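Following: one structure in structure tokens, then a few remarks.
The values are calculated or read from the model by the stated rules, or taken from the named source; none is laboratory data. Just so it is clear, the model here is predicted, and its values are computed rather than measured. No Cβ is skipped: glycine too gets one built from the backbone with ideal geometry, and neighbour counts run over all protein chains shown.
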Amino acid sequence: MKLGKPTTPTLMFHGIHSRYIAEPSYTERERFYAIREDHAIEIFGRIADDGWGVTTFASEIDASAKTVCLTFDDAHLSHYVSALPILIDFNMNAIFFITVGEVGQRGKLSWSQVKALSDSGMSIQSHSVSHRPLDRLDDAALTRELIDSKMILEDATGREVSMLSLPGGRGDARVLRQANAAGYRRVLGSGRGRTYASAPLPELGRYAVKSTAPLAGCLRYLNATPLSRAQERIQSVATAAAKDLLGENLYESLKRISSRPVARPTVSNSS
């Protein structure tokens, strides 16, 4: 495995909520990545004000252009209720990666809303069927996740599905080879990108927008120097190794704990 080459900066969003407290249907992990609606407006407004173009990879782009890609994972209901109106207001398009087995569940998109996103000019792409880590599945199960999600989404929208978002950001050379065989042309992870000598496709990197300081994090990522981007890609490889060692659930729990502010001891002034 090697670090991926720098690509178009890509932001990864999850839930967007209109109240300070996230939707009650969110899991603890989803709360960590969910941001407030006013913060989303700040981010998209700053992207527009700073002169960034927005792409959905529908066509090849100039590698030297100041272009960003906006993506949304996990088919949250808020993608239709909150994100879509904001994107329309800013005349921006985005890619929505849908976990097809979760459509219609509490807090998730319905099929009519998935179609409405597509009809509004948004790109609808695959986030698998079940959101299971693809690198842990046998070949038959992996093939079903890739092909079934692709076919279901194409039937639902009437449009081609050629991009895959790796559930949990977990992938390897075998996953990339089978994704290519299933007809995917781009595979996106949740780190800074990786390539494998035995895989025909690279894993493209993304920055996961978090509930803590979302605007500052996005600006730091978008305005990063080549050196800092290289450092982030190295950190991505280290993160993937930590997930493999600790397991996805323990890693996420430890990350949430480490991000909490530390309470400082109260010093008594009494004599």
A careful count of residues in the stretch 106-117 that are modelled with pLDDT of 95 or more and farther than 11 Å from Tyr80 by Cβ gives 1
Before we move on, is Leu70 more than 15 Å from Val129 (Cα to Cα), among the aliphatic types (A, V, I, L, M) and under 16 Å from the mean Cα position of the chain (by Cα)?
yes
Scan of the stretch 15-36 for residues that are under 29 Å from Ala65 (Cβ atoms) and either in contact with a Gly (Cβ under 8 Å, 6 or more places away or on another chain) or at pLDDT 95 or above (or both), ordered by number:
Tyr33, Ile35
Among the listed residues Arg185, Arg220, which satisfies the condition of being in contact with a Leu (Cβ under 8 Å, 6 or more places away or on another chain) and of a type in the set (D, E, K, R)?
Arg185
Looking at Ser271, is it out of contact with any Ser or Thr (no Cβ under 7 Å at 6 or more places or on another chain), at pLDDT below 90 and among the small types (Gly, Ala, Ser)?
yes
Report yes if Gly183 is surrounded by fewer than 22 Cβ atoms within 10 Å (Cβ to Cβ) and not aliphatic (A, V, I, L, M), otherwise no.
yes
Residue check for Gly168: under 19 Å from Pro202 (Cα atoms) and either out of contact with any Gly (no Cβ under 9 Å at 6 or more places or on another chain) or charged (D, E, K, R) (or both):
yes
